[in-house]
Amino acid sequence: MERRADLLTPKERVGAFLSGEAVDRIITMPIVTANTVHLIGKTVKEFQLDGEVMAKAHMAAFEKFGYDLVYLFTNCSYVAEAMGQKLVYSIDEPANCDDPIIKSRADLDKVKVATKDDGQLPVYYDALEILNQELADQVFLSVCFSGPLTTAATLRGTERFVRDTYKDPDLCHKLLRLATDSCKNFIKEIVSYEAMPIILEPIASGSLFSPKMFKEFAFPYNKELVDLAHELGALIPFHICGKTHKIVDLMADTGADVISIDQCDLEIAREKVGGRAVVLGNINPADELLFGPVERIYKVCKEAIDKMEGYTPGFFLSTGCETSNEVPMEHIEAFMDAARSYGTYDY
Amino acid sequence: MEKSKLFEKISGSLIEMEEDKVVELCKKSLELNIPVYETITSGLIAGMDEVGRLYEEEEYFLPEVLICSDAMKAGLDVVKPYLKADDMGKPIKVVIGVVEGDTHDIGKNLVGIMMETSGIEVYDLGRDVPLDKFVKKAEEVEADIIGMSTLMTTTMDGMRTVIEKLEAENIRNKYKVLIGGGPISQKFADMIGADLYTKDANSAVREIKKIVWG
């Protein structure tokens, strides 16, 4: 395997791609987030609560891997937290919601539309400020946050929310409205730091909801977010982990610029999203990337690259979901090496 | 009304998520003196079997399964008080839980619902379950199956630990070990020596019946 050196910086590469020029290799961005913190000997908890730790962790990871997008993300519940939900922080795991705040309709007044400085949102601004100084000349920055449906389900408790879609859809829509407005406020802040907002909707996945339910409870609210990003002149990817083969076309219908997928055959994505959005995915972070060995990582990356050759508007090599603390760093390096070896197409 | 017609109506209403109708029809079955176990197996469980099939074929999803299982349980509440103790035969017993360190329990709950509604006796240990507890509970209730779930790669290894505990106590052969959850794969099941991995809740129920009943 010949591993070619990068010719462009990640920023030049993505810039070239966006303006339709040739690039030196496939754009590649494993979803590397809070696990970066171990490179600087701190904990996931510190990463989630201290913007400087977050920034330094990402600087270390970017230096090590040289991937094409810096992906700021702490946990799936931080938008809900900014709306009034209490989270549990353990030392080395993403924070989670143990006790959903909306027990009944009467609790609606316990949550509010999140604004700029609520919850731990300012951690991101602190990190972005540092990264804009230190890295922004080399690579684009992004912030990933849970979208309306995932946030609403966090506030209500996922199982109750799921039942409500039949038993009390009005309550679902009320929560979705509040969550959407919260996400919009946060998107404005992200864009003001010239970072790219990324919507994450794991609870909208086809592992939980039918396409019909997706249309009613996820689509309109996410479309609002996409429209806002576009009004602000920003690109916006849409990520759903789990199964998406039955909703990948609906994801593209939102107008999102990048459709980021996990358990969805790339050929289905190619057919249903083709011509409308970049496809990003979908090496399994819980299988190949977790267990290796590196030869197997090379193989699945090459297969994905080959499958998507010639796809327009473009295919970015990524993981289907976030890489956890358990994924060995050498496997992430192998993933990048695969892109540098096989991802050059005809260039 | 003919018995079979009534069972068909019970199943049909259950599949259509009409809880009130299921309850009404179950009351009717009592008025007609239809043996309760027949109403349960040929009406309610038969309906849930179909729901399971629709789920596996991705016609139904989590909301539909939950609403149908609510309807099933409402029907069960009506007839169960009149069930004679040993009518249903000896059920398969399963201990399930989400392994220590993980609180994601939707998948586990779904599997639990599918099992219960197919007549399996489920001992649900909940989420973030200390690993010793799986073994202890299985011994206590004389379970056939130990089922473990996780959504996180960081907690997967707890499943291996439970299997090692069974081996250490020389009781590995007493139980079949079922594992599942987002990051779990057949490969991982093979690696840790679990007996069964399935991709979704309905096939878990089917495969369990296969390995216990042969």
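Where a number appears in this text, it was derived from the coordinates with a stated rule and is not lab data. Being a predicted model, the structure only gives us computed values, none of them experimental. Methodologically, a virtual Cβ is constructed for each residue, glycine included, from the backbone with ideal geometry; neighbour enumeration extends over all protein chains shown.
One table, with the values for the structure above:
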item	result
Highest average packing first - A:7-20, A:296-309, Cβ atoms within 10 Å	A:296-309, A:7-20
Neighbouring partner chain Cβ atoms per residue of A:199-212, average, 10 Å criterion	3
Rounded if a/c under 1.5, otherwise prolate or oblate - segment B:93-213, Cα gyration tensor axes	rounded
Convex hull volume per residue in cubic angstrom - Cα atoms of segment A:69-166	110
Bridge type composition, chain A - antiparallel percent by DSSP, nearest 5	5
Neighbour-limited loop hits for GluC sites (Glu not before Pro), segment B:61-157 (at most 11 other Cβ within 10 Å; DSSP other than H, G, I, E, B)	B:E142
Whole-number percent relative contact order across chain A, with pairs defined as alpha carbons under 8 Å at least 6 apart	19
Taking segment B:3-82 and dividing mean pair separation by its residue count, relative contact order in percent (alpha carbons under 8 Å, at least six apart)	43
Interchain or long-range residues, amide H under 5 Å from B:H104's placed H	B:L151
Exposure proxy order (Cβ contacts within 10 Å, fewest to most) of A:V278, B:V22	A:V278, B:V22
Chain B, relative contact order in percent, only Cα pairs under 8 angstrom and at least six apart counted	18
In Hz, Karplus ³J(HN,Hα) per residue of segment B:207-214 (6.51, -1.76, 1.60; θ = phi - 60°; x = Gly, Pro)	5, 4, 4, 5, 6, 7, 8, x
Rg(Cα) / (2.2 N^0.38 Å) computed for segment A:225-347, rounded to two decimals	1.07
Mean Kyte hydropathy of -1.0 or more with a Cα span along the axis of at least 15 Å, helices from DSSP in chain A	A:51-65, A:121-134, A:169-192, A:219-231, A:294-307, A:329-342
Unit charges at the beta carbon, dipole of the protein assembly as shown: most positive-side option, B:L54, A:A204, A:L228	B:L54
Candidates B:K73, B:K108, B:K28, ranked by Gaussian network fluctuation over chain B, Cα under 10 Å, top entry	B:K28
Cα-Cα over 26 Å, subset of A:K56/A:K307; A:K86/A:K188; B:K28/B:K84; A:K212/A:K307	A:K56/A:K307; A:K212/A:K307
Helix-derived mean residue ellipticity, 222 nm - over chain A, DSSP H n ≥ 4, -39500 (n - 2.57), to 500	-13000 deg cm²/dmol
Test item: Cα-centred dipole of chain B, Lys/Arg +1 and Asp/Glu -1 on Cβ, debye	500
Solitary cysteines of the protein assembly as shown, where the nearest other Cys Cβ is not under 4.7 Å	A:C76, A:C97, A:C144, A:C172, A:C183, A:C264, A:C301, B:C26, B:C68
Candidates per GluC sites (Glu not before Pro) in segment B:167-214, loop by DSSP, up to 12 other Cβ within 10 Å	B:E169
Nonlocal amide H pairs with A:F316, under 5 Å, H built at 1.01 Å	A:V279, A:L280, A:G281
B:I96 long-range amide H proximity, modeled H, under 5 Å	B:Y123, B:D124, B:L125, B:G147
Backbone HN-Hα couplings from phi across segment B:102-109 [Karplus 6.51/-1.76/1.60, Hz, Gly and Pro as x]	10, 10, 6, 10, 4, x, 4, 4
Neighbouring partner chain Cβ atoms per residue of A:160-166, average, 10 Å criterion	4
Isotropic mean projected area of the C-alpha convex hull, segment B:3-82 (nm²)	4.4
Summed side-chain charge close to B:G47 - residues other than B:G47 whose Cβ falls under 13 Å, Lys, Arg +1, Asp, Glu -1	-4
Helix B:131-141 axis, angle to chain B major axis (alpha carbon atoms, nearest 10°)	50
Estimated 222 nm signal from helices in chain B, with DSSP H stretches of n ≥ 4 weighted -39500 (n - 2.57), rounded to 500	-16000 deg cm²/dmol
Cα extents of chain B along the three principal axes, largest first (Å)	56, 35, 28
Pair-distance profile P(r), taking every C-alpha pair of chain A, with 20 angstrom steps and integer %	32, 60, 7, 0
Averaged over A:30-38, number of beta-carbon atoms from partner chains that fall within 10 Å	0
Rounded to whole Hz, the Karplus (6.51, -1.76, 1.60) HN-Hα couplings of segment B:52-61, x for glycine and proline	x, 5, 4, 5, 5, 8, 6, 8, 9, 10
